[in-house]
Amino acid sequence: MAGATIEVKYFNTFVLKKSVSSNTTPNQPVWNGSFGVPSTKNNAYPVAAATSSVNNWTIEESRIRGGYNNTTVDFSPRAYLVEDEPNAVIRFNSLIYSGVFNSRTGVNDTNVFSVGQDISKSADPANGSIQKLYSEDTNLIVFQQYKVSRALIDKDAIYSAEGEGTVTSSNLVIGVLQPYAGKYGISDNPESFAVYGYRKYFTDKTNNVVLRLSRDGITEISAYGMTDFFRDEMNNISVGGSAGLAIGCYDLYSDMYTLSLQQTGQQSEYKTLTFDDKINGWTSLYDYSPDQMFSIRNKFYSIKGNELWQHYNTAFDGVEVARGSFYGVSYPSSVTIIFNPNPTRSKTFSTVAYEGSNGWQLTAAASGATGEDKDYNLANAFLTTFDQANVVLSYTQGAYDSAGNTGTSANPVNQPLLRAGFDRKENAYVANLVNSSPPAEGEVIFGNSISGIKGFYVTATFSTDTVTDPGGEKQLFSVASDFFSNNGY
């Protein structure tokens, strides 16, 4: 204890403890001590920002806020022990519990930590730190960085010689930790945890997966058609040493697990999507990045900044709320379809059709004939001119008459009306596809001289326009395309 000097100017009881500076040793605690030594005094302790280990000492005293003739704390008879290791230590893999709290009998021992009883439980430190605890009936589920385990609460499990499990009552608060099968954990993202019924959802960024813990154990739900997506996106949220955010919540309104992957400090870098247990699939991507999400009864809420937002609400204070609007900003909805009949034959897709609501436009379509995509129209949801090479306009958006009135500027008044995009036939909206790609090797007639898109398959994106009932409900029931097989090309 060389270098430390204590001057006592009045009688008191002092306890001297060694502290660890947060500047010299990152991620270590600092003993704050009491308020007995004013910080304005020269060489006052504790010195939390000390750069020398000589000054890393704190003083705790028996008086409340210290001072001459102030109230003292009566220790009563007690045994004083000398600690072999007085430094503070973080036990990242251990649990400590106090006495019980019983609201019926008025017993409150939550501030009692008896040294005469075993009040700690440690998990395997090789599985990382404990990030999340969840109590379910008589089980305590422990989520570590690289492992998920469970333990009985207030009971202990023993096994007979035949291997059959039995339960016996005991005074053991937390029983033996039993790991779930699989080398999975919750990584550094406990905020991804969500629960509904007996199903628990969380992410494991270390393995780039999204997991569901249920009665059949741990299931990798990110493997349902989204393995590549989560492999890339979970790596992208880690920037500059930050773990990023994986905010999870169970949406009681839509009955789906909602997950938002966000880069720390990057508002525009996010992916928010939902998982539906009824189809075991990821159904939608959304244009919002919440700070928090939660459900109350049959309503789903999110917090952005200092504001609370209710989702799926079509009216507020008697005013209709536009669909596709998140945090005051409207976004177009889109659906991407792949036309892939007879996958081994080259085809020409000549038309596109859909059944559903008026207001859908085709904003992108591309084929992969010989390994090279043919770009057909780049997405542009705000076109004001009829350019069939850029977009197939919706039924209302593409309407025009002989006087030059269009669906994007004024309502056409002169008959007959013409359509520059989708037209309506037999309760379906149909349009021709015109090839706008450059010539490919071996083509005799190419480019916009022919109708249709040539290739083995076509990827088409439908999106809502901005002129047909903005903010209203738009449904898409089915899509189709007429095609014919090519002879060798």
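The values are calculated or read from the model by the stated rules, or taken from the named source; none is laboratory data. These figures come from a predicted structure and were not determined experimentally. Methodologically, a virtual Cβ is constructed for each residue, glycine included, from the backbone with ideal geometry; neighbour enumeration extends over all protein chains shown. Heads up: the accessible areas ignore ligands, DNA and RNA and are worked out on the full protein's heavy atoms, side chains in. Shrake-Rupley method; radii C 1.70, N 1.55, O 1.52, S 1.80 Å.
With just the Cα atoms defining each centre, how far is the range 414-428 from the range 241-319? Give it in Å. Comparing the Cα centres of the range 414-428 and the range 241-319, I get a distance of 39 Å. A 1.4 Å probe, protein heavy atoms only, puts the accessible area of ILE90 near 90 Å².
Extent along the principal axes, Cα only, for the range 228-318: 45, 35, 18 Å, with the longest axis given first.
The calculated FRET efficiency for the pair ALA428 and ARG91, based on their C-beta separation and a Förster distance of 56 Å, comes to about 0.25.
Scaling the Cα radius of gyration of the range 171-279 by the globular reference 2.2 N^0.38 Å produces a ratio of 1.12. Normalised per residue, the accessible area of the range 304-372 is 56 Å², obtained with a 1.4 Å probe and no contribution from ligands, DNA or RNA. For the range 229-354, the share of accessible area belonging to carbon and sulfur comes to 50 percent (1.4 Å probe, ligands and nucleic acids excluded).
Estimated at the nearest 10 Å², the accessible area of PHE483 is 80 Å² with a 1.4 Å probe. Rg/Rh, computed from the Cα trace of the range 237-278 with Rh as the Kirkwood radius, has the value 1.09.
Across VAL392, VAL100, VAL479, VAL329, the residue with the most accessible area heads the list, and the full order at a 1.4 Å probe is VAL100, VAL329, VAL479, VAL392. Take GLU473: with every protein chain present and a 1.4 Å probe, its accessible area is about 100 Å².
Using the Cβ of GLY356 as centre and a radius below 12 Å, the other residues enclosed give a net charge of 0, where K and R count +1 and D and E count -1. For LYS347, nonlocal amide neighbours, meaning residues 5 or more places apart or on other chains whose placed amide H falls under 5 Å from its own, are GLY455, PHE456, ASN486.
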